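Enquirer: I'd like to ask some things about the structure below.
The values are calculated or read from the model by the stated rules, or taken from the named source; none is laboratory data. Please read these numbers as outputs of a predicted model, since none were measured by experiment. For neighbour counting, all protein chains shown are included, and Cβ atoms are generated from backbone atoms with ideal geometry for every residue, glycine included.
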Amino acid sequence: MLMVLNMDNINIGKLSLCFFDKDNKEHMLFLKKILKDESVIKRFQGFLPHLLKSANDIFGKGFFLSLNNELIGYVDFGNFNEKEEAVYVRQLVDKDKRSKGYGRLILSEVCDYVFKTYPFIHKIKARIAPDNINSIMMVYNAGFINDRDDYYSLSNPYIKNSNIKK
C-alpha cells in the first residue's frame with residue numbers, strides 16, 4: 001500500500017524532502033547551480049523529469065533536500081521493482097557541500113524513512129560508476145554492500161530474516 005503524498009515537505013530526521021516549486025526563487029537558483037555542475041551533467045542524467053514529476057508516492061519522484069532550511073542536495077527513488085522488492089536511489093550533494101558527511105546523512109536518513117514507511121521494500125539499490133570512488137565510499141559508510149559490478153544495496157533492517165526466500 002502506497003502512502004499518498006501531499007505537497008508539504010516531508011520531514012525525516014534532520015532533513016526535509018522538498019517538493020520542487022518553480023515559483024520558489026531559492027529552488028530555481030539551486031536548480032541552476034546544479035545544472036552548471038559538470039559532474040552532475042556527466043553522472044546524473046535524467047534527474048530533471050523526476051524533479052518535475054507529479055506523483056502520489058515518493059517512487060519515481062525527485063526531491064530537493066533541505067538541512068536547517070538550506071538546500072543541500074537532491075534525491076530520487078526509481079519505481080518499485082516487485083521481483084527484487086527493491087527501489088533504486090540516486091542522490092547528489094551540492095558541490096559546495098561535498099566531503100562534509102552530507103551524502104552519508106542523506107542516504108542514512110532517506111533509506112531509513114523508506115524502510116519504515118514502505119515495509120514491502122526489502123532493498124534499496126544504487127548503481128555507481130566504478131571510477132566514482134567518493135560515492136562508493138559514501139554508500140559503504142551508509143551500510144550498503146557491493147552486490148555485483150557497479151551495483152550496491154542496503155537491506156531493510158526492520159524485516160526479520162530478510163534473506164530467506166519466500
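Enquirer: Check whether at least one residue in region 21-40 is in a loop (DSSP other than H, G, I, E, B), surrounded by 14 or more Cβ atoms within 10 Å (Cβ to Cβ), touching a Leu at 6+ places or on another chain (Cβ under 6 Å) and at pLDDT below 90, and report yes or no. Quick ask: steps written out before the conclusion?
Expert: To start, the set of residues in region 21-40 that are in a loop (DSSP other than H, G, I, E, B) comprises 21-24, 37.
Subset that is surrounded by 14 or more Cβ atoms within 10 Å (Cβ to Cβ): 24, 37.
Pick out the ones that are also touching a Leu at 6+ places or on another chain (Cβ under 6 Å) and you get none.
Scanning region 21-40, I find no residue that is in a loop (DSSP other than H, G, I, E, B), surrounded by 14 or more Cβ atoms within 10 Å (Cβ to Cβ), touching a Leu at 6+ places or on another chain (Cβ under 6 Å) and at pLDDT below 90, so the answer is no.
Enquirer: Does V89 satisfy the condition of being closer than 15 Å to C111 by Cα and surrounded by 12 or more Cβ atoms within 10 Å (Cβ to Cβ)? Before you say what the answer is, go through the steps one by one.
Expert: Details: closer than 15 Å to C111 by Cα: yes; surrounded by 12 or more Cβ atoms within 10 Å (Cβ to Cβ): yes.
Yes; evaluated as a whole, the condition is true for this residue.
Enquirer: Which residue pairs have Cβ atoms closer than 7 Å, lie 6 or more positions apart in sequence or on different chains, and pair a first residue in region 146-166 that is of a type outside the set (A, V, I, L, M) and part of a loop (DSSP other than H, G, I, E, B) with a second residue that is exposed (fewer than 14 other Cβ atoms within 10 Å of the Cβ) and modelled with pLDDT under 85?
Expert: Once the first residue is of a type outside the set (A, V, I, L, M) and part of a loop (DSSP other than H, G, I, E, B) and sits in region 146-166, its partners that are exposed (fewer than 14 other Cβ atoms within 10 Å of the Cβ) and modelled with pLDDT under 85 give N156/S162.
Enquirer: Here is a follow-up. Does region 53-68 contain at least one residue that is β-branched (V, I, T) and in a loop (DSSP other than H, G, I, E, B)? Full working, then the answer.
Expert: Residues of region 53-68 that are β-branched (V, I, T), as a first pass: 58.
Pick out the ones that are also in a loop (DSSP other than H, G, I, E, B) and you get 58.
Yes, some residue in region 53-68 is β-branched (V, I, T) and in a loop (DSSP other than H, G, I, E, B).
Enquirer: Out of the residues in region 77-105 meeting the condition of being touching a residue at least 40 places away in the same chain (Cβ under 8 Å) and assigned to a loop (DSSP other than H, G, I, E, B), tell me which one is nearest to S153 (Cα to Cα). So that I can check it myself, show each step before the final result.
Expert: First, pick out the residues of region 77-105 that are touching a residue at least 40 places away in the same chain (Cβ under 8 Å): 77, 80, 84, 86, 90, 92, 94-95, 105.
When the remaining residues are screened for being assigned to a loop (DSSP other than H, G, I, E, B), the result is 80, 84, 94.
Numbers: F80: 14, E84: 11, D94: 23 Å.
Checked region 77-105; the qualifying residue nearest to S153 (Cα to Cα) is E84.
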